[in-house]
Amino acid sequence: MFDTSIFIKFFKNYIFYYIERVENTENQIGSKESLRERLTDQQYKCTQEADTEAPFTGIYWDETRDGTYRCIVCDEPLFSSGSKFDSGCGWPSFDAPIQEGIITFRSDQSFGMIRTETLCTNCGAHLGHIFPDGPTPTGDRYCINSACINLETEGN
Ligand SMILES: [Zn+2]
């Protein structure tokens, strides 16, 4: 007769493995509930619900200090101040991420527009959008919500 105990044992291990993985991910960035406590309302809406802050209202659109802009949710370094430029659009704008692969791109067809959404690869937080009309040699304009990033100034 087929011995089901081995199958059950295997299945149980798999379930435990899965639960552990989910818990690890939650420990890293925090559960939705803890994110709501840790982030401001604006930060939560922008990163978790792909909301956009109003132009010229964020804390970094005219920021000029040197440093590294990190993901507000998981602290991953995303942009260097060296890639920031004044686009006049009212949101912090960058011409390149700090490293290949740390930004994930996704097609966004909300509000009747075809745009490319940018997300933190590490935690999936919404960051903003990328447009192909940048003035620098990269040709890219990463239009990012201030609410989704945190500037770590140099010497800090
Ligand atoms: Zn992140």
Spatial separation of Cα centroids for the range 48-100 and the range 105-151, in angstrom: 10 Å
Over the range 40-153: Kirkwood hydrodynamic radius from C-alpha pairwise inverse distances, Å: 13.7 Å
Summed residue charge, Cβ within 10 Å of N122's Cβ, Lys/Arg positive, Asp/Glu negative: -2
Those aspartates and glutamates that a straight Cα-Cα span of less than 12 Å connects to K32, excepting residues fewer than 8 apart in one chain: E49
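All of the numbers you see were taken from the coordinates with simple rules; none came from a lab. As the structure is a prediction and not an experimental result, all values here were calculated from the model. Glycine also receives a Cβ, built like all others from the backbone with ideal geometry; neighbour counts cover every protein chain displayed.
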